[in-house]
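The values are calculated or read from the model by the stated rules, or taken from the named source; none is laboratory data. Source: prediction; values computed, not measured. Note: ideal-geometry Cβ built from the backbone for every residue, glycine included; neighbour counts use all protein chains shown. Remember, those area values only see protein heavy atoms, side chains included, never the ligands or the DNA or RNA. Shrake-Rupley method; radii C 1.70, N 1.55, O 1.52, S 1.80 Å.
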Amino acid sequence: STILQSLTAASNEMANAPIFDLSPAGTTSFSQTLASYESSIDEIENNLSSLLHSKLSSATSAEEMFKHFAKFNPLFVRPRIRSAIKHYQTELIKNVSNSVSFIQKKFLQKYEQSPAASFAELRDIPPVAGKIMWAKLMENQLNLLMEKMESVLGQGWEQQAEGRQLKKTCSELKSKLDTDQFFKAWRKNWE
């Protein structure tokens with residue numbers, strides 16, 4: 001709220017600057033107004049950087065970090081704000097990597113031993129259909145995580161060493177979650 005008020009005050013001050021007064025007094029007045037505006041913007045950016053830093057450092061999950069990144073995303077064009085998030089980029093990739101590892105563990109558990117199989121059986125869902133739904137759910141979760149990474153951190157997030165490994169792990173897992181394979185294997189058993 002105070003940040004917004006400071007921004008509004010700085011903008012109003014600049015909007016009322018004597019831009020058409022080309023006399024020496026007008027030029028001096030405009031220069032002083034511009035210096036005051038730039039000083040206010042620097043202070044606002046410092047406050048925003050501090051706020052973003054505190055929110056990201058107190059985040060306990062990848063989802064919470066994504067929420068904060070998404071909220072501040074329009075400000076990432078500012079160099080000072082961008083430098084404030086650089087530190088958390090690696091941490092976010094690590095949190096997402098943990099989420100991907102969790103999905104990978106669910107996959108390694110195999111559908112037949114998963115709670116999803118029991119649930120599908122209770123609902124009279126055929127085993128192959130349940131397995132396809134299970135795989136699609138995990139594939140959608142992976143796609144959502146990758147989309148969030150790109151939308152929040154921008155294109156090229158996978159260029160970092162950790163990002164490259166995460167992208168590789170996701171791609172490998174998604175190839176194993178190919179539902180066509182499950183269906184073809186089921187069809188082959190019935191032929």
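If the condition is being surrounded by 15 or more Cβ atoms within 10 Å (Cβ to Cβ), of a type outside the set (S, T, N, Q) and either closer than 22 Å to THR90 by Cβ or without any contact (Cβ under 8 Å) to a residue 40 or more places away in the chain (or both), then segment 169-181 contributes CYS170, LEU173, LYS174. Taking the criterion of being among the aliphatic types (A, V, I, L, M) and either in contact (Cβ under 8 Å) with a residue 24 or more places away in the chain or touching an Asp or Glu at 6+ places or on another chain (Cβ under 6 Å) (or both), the residues of segment 113-157 that qualify are VAL128, ILE132, ALA135, MET138, LEU142, LEU145, MET146, MET149, VAL152, LEU153.
For the residues LEU166, LEU144, LEU137, the requirement of being among the hydrophobic types (A, V, I, L, M, F, W, C), open to solvent by less than 60 Å² (accessible area, probe 1.4 Å) and part of a helix (DSSP H, G or I) singles out LEU166. Residue-level analysis places VAL96 outside the set of residues that are under 16 Å from LEU173 (Cβ atoms), in contact with a Ser or Thr (Cβ under 9 Å, 6 or more places away or on another chain) and surrounded by 13 or more Cβ atoms within 10 Å (Cβ to Cβ). All of GLN104, GLN109 fail the test of being closer than 25 Å to SER61 by Cβ and in contact with a helix residue (DSSP H, G or I) (Cβ under 8 Å, 6 or more places away or on another chain), apart from GLN104. From the list SER39, SER118, the lone residue that is over 18 Å from the mean Cα position of the chain (by Cα), under 29 Å from LYS174 (Cα atoms), among the polar types (S, T, N, Q) and not in a loop (DSSP other than H, G, I, E, B) is SER118.
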